[in-house]
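All remarks here apply to the structure that follows.
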Amino acid sequence: MEKTFLDKIEEEEEIKNEIVENILEKNLNIYKKDIDNSKFIHTEILESNLEKVYFKDISFENCNFSNSTFENCSFINCKFINCKIIGCNFIENTFMSVQIQESNMNYANISNTCFSNLKLKNVTLINSYMQDTNLKNTKFDNIDFTKAQIFNTRLKGIDLSTCILQGLSTTLQDIKGAIINEFQIIDLAYLLNIKIKY
């Protein structure tokens, strides 16, 4: 009998060339696995713990990872399309050449993480938290940062002009050098301790 993906996760250290579809699992514990050249479609892995998992050349489509923790994981050349990543913890992760599109990352904690060649488009990061994160060649296109918190994360040179920054908490040092539009100045005026009179 052919092994299922869940069997392989349980028994094997390396998984390649898999198409994982229509799985619903909660409270999985996945430790130190390599997953390569695979597709996850309509897959739900909820309230789970993934530690030291290495994802390479992976496509996640219409997946749900809500309230899961990814600790010391790596995502290399991966795509997230129309995914729910709500309330996920990305602690000390590495993202290289990753695209995230049309996805919900509200309440995500993206701290102590390194982003390189990351592209986010049409993503909500409402009430998300980003601290001590390194953003290298990162592009944000139409991102909702409403009530997000960004600290010790340099935004210099990053174009935020298409993003929603209402209620964003950050510091002048972090936002310094970012590219914004004229209307976003109102959202960030508090950093200068000034009030705008209409």
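The table below lists the values:
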quantity: DSSP-assigned coil residues among trypsin sites (Lys or Arg not before Pro) in segment 134-198, each with at most 13 further Cβ atoms within 10 Å; calculated: 156, 176, 195, 197
quantity: Selected from 149, 131, 173 as most flexible by GNM, with the chain as the system and alpha-carbon contacts under 10 Å; calculated: 173
quantity: Label point distance in nm, residue 71-residue 189, each placed 7 Å from Cα along Cα→Cβ; calculated: 4.4 nm
quantity: Dimensionless Rg/Rh of segment 11-74 - Kirkwood Rh, Rg from C-alpha atoms; calculated: 0.92
quantity: Segment 50-99: trypsin sites (Lys or Arg not before Pro) falling in loop per DSSP and having at most 15 other Cβ within 10 Å; calculated: 52
quantity: Among 89, 22, 72, residue whose mean-square fluctuation peaks in a GNM of the chain (springs only between Cα atoms under 10 Å); calculated: 22
quantity: Carbon and sulfur %, accessible surface of the chain computed with the full protein complex present, 1.4 Å; calculated: 46 percent
quantity: Per residue accessible area of segment 1-134, 1.4 Å probe, in Å²; calculated: 50 Å²
quantity: Percentage, to the nearest whole number, of Cα pairs in the chain over 20 Å apart; calculated: 54 percent
quantity: Under DSSP loop assignment and at most 11 Cβ neighbours within 10 Å, longest GluC sites (Glu not before Pro)-free interval of the chain; calculated: 14-181
quantity: Rg to Rh, two decimals, where segment 1-112 supplies the alpha carbon set and Rh follows Kirkwood; calculated: 0.92
quantity: Rounded, prolate or oblate (a/c below 1.5 giving rounded, otherwise prolate when a/b exceeds b/c) for segment 55-117 by Cα gyration tensor; calculated: oblate
quantity: Global form of segment 71-182, assessed from the alpha-carbon gyration tensor, a/c cut-off 1.5; calculated: rounded
quantity: Three-way shape call for segment 49-90 based on the alpha-carbon gyration tensor, with the a/c threshold at 1.5; calculated: oblate
quantity: Inter-centroid distance (Cα atoms) of segment 1-33 relative to segment 102-117, Å; calculated: 24 Å
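The values are calculated or read from the model by the stated rules, or taken from the named source; none is laboratory data. This one's a predicted model, so the numbers in the text were calculated from it and none came from an experiment. With ideal geometry, Cβ positions are generated from the backbone for all residues, glycine too; neighbour counts draw on all protein chains shown. Areas reflect the complete protein model, heavy atoms only, side chains present, ligands, DNA and RNA absent. Shrake-Rupley method; radii C 1.70, N 1.55, O 1.52, S 1.80 Å.
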